[in-house]
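A short write-up of the structure that comes next.
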Amino acid sequence: MGWGEVTGEQMAGAEGIGQEKIKPPSGCPAIRVVMMPRDMNAAETIFGGVLLSHIDQAGFVEARRQQPRRYVTVAMREVKFHEPVFVGDVVSFYCETVRIGRTSITVKVTVTAERYAAFGKPIKVTEAEVVFVAIDENGKPTPILAEGA
């Protein structure tokens, strides 16, 4: 099986291993970005794909915080866009690890935006779950936690 093939263990929410070893959310955003004109679509809001790219990066930061490995993204699920994002918004990507499986890790990413005119009053704009698989130097799935850990 290649890392791009998502197994039932990765998608079905099977019991994770080492769930007691999940570090609690840091409380700080994994990343924070100012939206720029280059990120805008014809409707003068930020492209959804720009947010997806940042969600992927933020989820990776959280996965690495849990256990330093090489990770690849195998799935994004339950992506919900609640509110538009505009040029000048300061967008924060907060992460929480949902589960750690043998080779996969699922991260929930909540995205908030602080509007230019309402700084200090963040609103939830997007949320998603991202599934990553740890890979070795040959690109093959590898255990996230050391065997017997």
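Every number in this text was worked out from the coordinates using simple rules, so none of it is lab data. Predicted, not measured: the structure shown is a model, and the values here were computed from it. Here the Cβ positions follow ideal geometry from the backbone for every residue, glycine too, while neighbour counts run over all protein chains shown.
General remarks:
- Qualifying positions in segment 41-64 - in a helix (DSSP H, G or I) and either of a type in the set (S, T, N, Q) or free of Cβ contacts under 8 Å to residues at least 12 places away in the same chain (or both): 49, 53, 57, 64
- Residues that are in contact (Cβ under 8 Å) with a residue 24 or more places away in the chain and closer than 20 Å to residue 24 by Cβ are absent from segment 75-86.
- Sole residue being more than 13 Å from the chain's Cα centre (by Cα) and crowded, with 18+ Cβ neighbours inside 10 Å, chosen from 40, 35: 35
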